[in-house]
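All remarks here apply to the structure that follows.
Nothing in this text is a laboratory measurement; each read-out follows from the coordinates by a stated rule. This is a predicted model, so every value here is computed, not measured. With ideal geometry, Cβ positions are generated from the backbone for all residues, glycine too; neighbour counts draw on all protein chains shown.
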Amino acid sequence: MPVEENLWLVPSHPNLQYEPARLRAEGTQNIYFLLEDWLYEHEEETKQFDYLLIDTHPDTDTLTKNALAVSSAQIGVVMPTEKSVNAIPKAEQALSDLKRETYDKRHDEARVTCEFLLLGTNIEKVGKNYTKLSKQLVHLIKEDARFVGYIPHKELFAQAMSDEKIPIWEQINNQLLLKEASNRAFKAVLERVMNNMDQRIGEL
């Protein structure tokens, strides 16, 4: 269903979390490729979109693996916290395990070709200096080629998540808000990161 001029949303089923257990109990085959089948059946509808973005839980359950199986890239969002950074190797290992488990030995080819990319977010500064954890994450981002960039902490995000729910792109194109230099700088950073992500995914 359309929610914006260039944005459609496919809502999940309220009982989706119980589906993996049911499918396993029924002995469903190719359990990691059910979403692939659905996309094939709805190919005409999906052709009209430039991108399909799948928002999954940060876990390795059957639903997440179905999303990885049909994706060109997995974008891991990394915040400046120890827990978030420590989750990187776990997510990478889960993707590697999925590729190994689903490898087609008969035809000697990979069924899952998803690549692992990262995006830093919520990078904070106090004055002109990064906070300790943000500084550590920025250093990691510069050293790790899998990162497509990072997005700084900005109050505009809080407004996008508030009761008013003003989309971030709508805010950064608001001429009144763009009179503030920091908002113009934030828009430039956001556009640069999105363009870089677009380019990286296009190269896959």
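The table below lists the values:
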item	result
Positive-end residue of Thr102, Ile172, Met79, charge dipole of segment 76-177 with Cβ unit charges	Met79
Likely footprinting exposure, Val78, Val3, Val70, fewest C-beta neighbours within 10 Å first	Val3, Val70, Val78
Magnitude of the charge dipole, segment 10-153, Cβ model with Lys/Arg +1 and Asp/Glu -1, debye to 20	900 debye
Helix-derived mean residue ellipticity, 222 nm - over the chain, DSSP H n ≥ 4, -39500 (n - 2.57), to 500	-13500 deg cm²/dmol
On Cα atoms only, tilt of 132-143 relative to the major axis of the chain in degrees	60 degrees
Rounded tilt (10° steps) of 181-202 against the dominant C-alpha axis of the chain	20 degrees
Sorted by Cβ density within 10 Å, fewest first, the residues Met1, Met197	Met1, Met197
Cα convex hull of segment 10-153, projected area averaged across orientations, nm²	11.3 nm²
FRET efficiency, 1/(1 + (r/R0)^6) with R0 30 Å, evaluated for Ala73 and Ala188 via beta carbons	0.80
Relative contact order [Cα under 8 Å, 6+ residues apart], the chain, whole percent	15 percent
In nm, spacing of pseudo-spin labels at Met197 and Leu178 (7 Å Cα→C-beta vector)	2.1 nm
Cut-off 19 Å (backbone N to label point 7 Å along Cα→Cβ of Asn30), residues of segment 95-121	98-114
